[in-house]
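Some notes on the structure that comes next.
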2 protein chains.
Amino acid sequence: MDLRQLRYFCAVVREGHFGRAAASLGIAQPPLTRQIQNLERRLGIELLHRTQKKFEVTQAGLLLYERARRLLDGADQAVDDVRRLGSGETGRLTVGFAPSNAFTLLPPVVTRFRSAYPDVELELRQLTTSNLVTSLESGSLDVALLRPPLSSRSLQIVTLIREPFLALVPSTHRLAARRAMQLRQFAGEPFVMYSRAGLPLLHARVMDMCRRAHFSPRIVQYADQIHTVAGFVDAGLGVAIAPSTVTRFNMPGLRILQIAETPVPLAMAMAWRTGTATGLVRNFTRIAREAAAAWQAAQPREAA
Amino acid sequence: MDLRQLRYFCAVVREGHFGRAAASLGIAQPPLTRQIQNLERRLGIELLHRTQKKFEVTQAGLLLYERARRLLDGADQAVDDVRRLGSGETGRLTVGFAPSNAFTLLPPVVTRFRSAYPDVELELRQLTTSNLVTSLESGSLDVALLRPPLSSRSLQIVTLIREPFLALVPSTHRLAARRAMQLRQFAGEPFVMYSRAGLPLLHARVMDMCRRAHFSPRIVQYADQIHTVAGFVDAGLGVAIAPSTVTRFNMPGLRILQIAETPVPLAMAMAWRTGTATGLVRNFTRIAREAAAAWQAAQPREAA
DNA sequence: GCCTTCAATACCTTCTGGGTATCGACAATG
DNA sequence: CATTGTCGATACCCAGAAGGTATTGAAGGC
């Protein structure tokens, strides 16, 4: 069977006239006549009963017309659905994210994606960074939001945003009125630190900053979430260093200062399996980039 | 959309291997590769994700596979149904018949047709000869069994059987022991005659025979069915002339003789609209011819 | 490290589908 | 009654697509 011939036949039946049917199909009349003849020959059935100059549709022709219309509609629908699925307008996308961005980048990305692709079923999974990587590699995640660095030849990584590090002091602190400070001014200060287990990357980064500033922090408290650290500083337990996300917290006893040394910012990235060319992932990464740019653009006025 | 490409794609997905798929399709591998590429290009979607040497079916490809299989099945089914309808293996056929053959030719024809084409819906209508003709011409009948002659340019007529006329006498009649007789021997005999209203053709034919034999029948009784006429003769009311159907009746008091003049036999014919080329009519007329031949073949040993 | 396997590519041939010109037949119309 | 217009069918030509053969390039198995 050939859908072209069915399409032609339907046009002839619908128009009741070879010339008009040919015009509606955008072809000339002779090829149309021939295709109908071919169709009849192939089926071995008379579909149109010719009575010199005019024709009438036979019973068999009428049946074929009904069936053909349904087939053609089905074919169009199938093409449409496959295109939508392939282009990522529909389907199911599993997104992994680290706890660290549950309250930062994730919400705007998800919101933006949902409104752009309402027909996509979005599944969100909070995992540790190492689990994110293995899940991405095994294919149980399509894409993940996580913190670099990460080393995996099979994953594609794009940095979405870079958060500068800021210094946190209680409002009662001697530096509270300043706009900026130097890291060595925290030497000997009671220090609120990220737990090595809960936030290994932040722990390492902050420890490294202190080391570069030639002092070892006098740690008086550990916490394993950024906003917990900020909360301890707010409560006056000590000072801390945190990514600019903290400017989003509303804590009356907290003062936020710029760091003169401007440490390498804390990056947030997005990763997916290299070679994954599905429209879903393509669309999600585009949306994520847009959301990150918007987020980044909204940040500086507070963090600058 | 092109069904060929869908068929090829399904084969590739089913076999999971271009070479085997090509073999199962009866084509070489390179054209198959190209067709799949064309299909992907036309849809603008990656259906098979190639990873050097092997490939895996994408989500979109899987969806297309499901849809394509249903489309292909639907197309095959449609072709099959149309073929069956067009070839007369299915559908609805309206057959008209005259009262005169309700008990002769019609039953074997219908039986034979039913067993040959059990899926055809057969509608039988008993009508007068003139109504048969007008119904055929108007299209409300597809085919009819009737007695010639009839004149209609738009109808195709085929004679199915020819029944010789026979003479009927009661077993007490002076001719009862003879095998044959001459028509003039019925001159003056009490005669059972077909009513002009009920069986105009038989009435005319018998009257004509008598006229050709130079006598006018002394009619003592009219009847409007053949078996009623035979019944009256069986009861001893008189003699009669009847078509060979009467040999099928089992009447102890009835003797059947051949007529020396061998009048032109009584024909039974079949008619349909010229130009009607539907498989149903073609099949029915073929079956009717076969049934008539069988009926005719079973006749002579009694009527000879 | 060599050989096999599998899809992709290059190139050629054939056949199918579409286009133009024209025919033949019917129908309407003056 | 002749003429003209309409409609489907036919004849012929051309372009493009589909299939075939030979070959390549890259992985994977021994």
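Between A:R41 and A:R70, the FRET efficiency from the beta-carbon distance, with R0 = 35 Å, is close to 0.90. Put a plus charge on the Cβ of each Lys and Arg, a minus charge on the Cβ of each Asp and Glu, and nothing anywhere else: the dipole of chain A about its Cα centre is then about 580 debye. 3J(HN,Hα) along the range B:176-193, derived from phi through the Karplus expression 6.51 cos²θ - 1.76 cosθ + 1.60 where θ = phi - 60°, amounts to 4, 8, 6, 8, 9, 8, 10, 4, 4, 5, 8, 5, x, 5, x, 10, 9, 10 Hz, with x in place of Gly and Pro. For the range B:8-82 versus the range A:93-162, the inter-centroid distance based on Cα atoms is 33 Å. Taking the centroid of alpha carbons for each part, the range A:171-188 and the range B:267-296 are 110 Å apart. Within the range B:74-89, the residues that become at least 10 Å² less accessible when every protein chain is included than when their own chain is isolated (1.4 Å probe; DNA, RNA and ligands ignored) are B:G74, B:A75, B:A78, B:V79, B:D81, B:V82, B:R83, B:L85, B:G86. When the solvent-accessible area of the range B:70-126 is split by element, carbon and sulfur atoms take up 47 percent of it, the probe being 1.4 Å. Between copies, the label points of A:R50, set 7 Å from Cα on the Cα→Cβ line, lie 4.6 nm apart, reported in increasing order to one decimal in nanometres. Copy B relates to copy A by a rotation, and the B residue whose beta-carbon is nearest that axis, with the distance in whole angstrom, is B:L3, 3.
For chain A, modelled as a GNM whose springs connect Cα atoms under 10 angstrom apart, the maximal fluctuation among A:A197, A:A98, A:A288 occurs at A:A197. Positive contributions from Lys and Arg (+1) and negative ones from Asp and Glu (-1), summed over other residues with Cβ under 14 Å from the Cβ of B:P31, come out at +2. Of the residues making up the range B:1-44, those losing 10 Å² or more of accessible area when the isolated chain is joined by the remaining protein chains, with a 1.4 Å probe, are B:M1, B:D2, B:L3, B:R7, B:R42, B:L43.
Simple rule: put +1 on each Lys or Arg Cβ and -1 on each Asp or Glu Cβ in the range A:140-241, find the dipole, and look at A:S152, A:V229, A:A187; the Cα lying farthest toward the positive end is A:A187. For the range A:50-66, accessible area lost to neighbouring protein chains reaches 10 Å² or more, against the chain alone with a 1.4 Å probe, at A:Q59, A:A60, A:L63, A:L64. When +1 charges are put on Lys and Arg Cβ atoms and -1 charges on Asp and Glu Cβ atoms, the dipole computed for the range A:3-86 relative to its Cα centre reaches about 240 debye. For the pair B:A298 and B:H214, a Förster radius of 41 Å applied to the C-beta separation gives a FRET efficiency near 0.70, rounded to the nearest 0.05.
Leaving ligands and nucleic acids aside, the A/B contact buries around 2500 square angstrom of accessible area in total at a 1.4 Å probe radius. Annotation: amide H of A:Q221 within the under-5 Å range of A:F191, A:M193, sequence separation 5 or more or interchain, hydrogens built in the peptide plane.
Counting Lys and Arg as +1 and Asp and Glu as -1 over every other residue whose Cβ lies under 14 Å from the Cβ of B:R205, the net charge comes to +2.
Magnitude of the charge dipole for the protein assembly as shown, about its Cα centre and with charges confined to Cβ atoms of Lys, Arg (+1) and Asp, Glu (-1), is about 1040 debye.
In the assembly of identical copies, A:S138 has its label point, taken 7 Å from Cα in the direction of the beta carbon, separated from the corresponding points by 7.8 nm (ascending, one decimal). Charge tally around A:T128: other residues with Cβ under 13 Å, Lys/Arg +1 each, Asp/Glu -1 each, net +1.
Accessible area per residue for the protein assembly as shown is 49 Å², calculated with a 1.4 Å probe on protein heavy atoms, without ligands, DNA or RNA. In the assembly of identical copies, B:R184 has its label point, taken 7 Å from Cα in the direction of the beta carbon, separated from the corresponding points by 15.9 nm (ascending, one decimal). Over the protein assembly as shown, dividing the summed -39,500 (n - 2.57) contributions of all DSSP H runs of at least 4 residues by the number of residues returns a 222 nm mean residue ellipticity of -13500 deg cm²/dmol.
The values are calculated or read from the model by the stated rules, or taken from the named source; none is laboratory data. The structure displayed is predicted, hence computed values, not measured ones. Neighbour counts run over all protein chains shown; Cβ positions are idealised from the backbone, glycine included. Remember, those area values only see protein heavy atoms, side chains included, never the ligands or the DNA or RNA. Shrake-Rupley method; radii C 1.70, N 1.55, O 1.52, S 1.80 Å.
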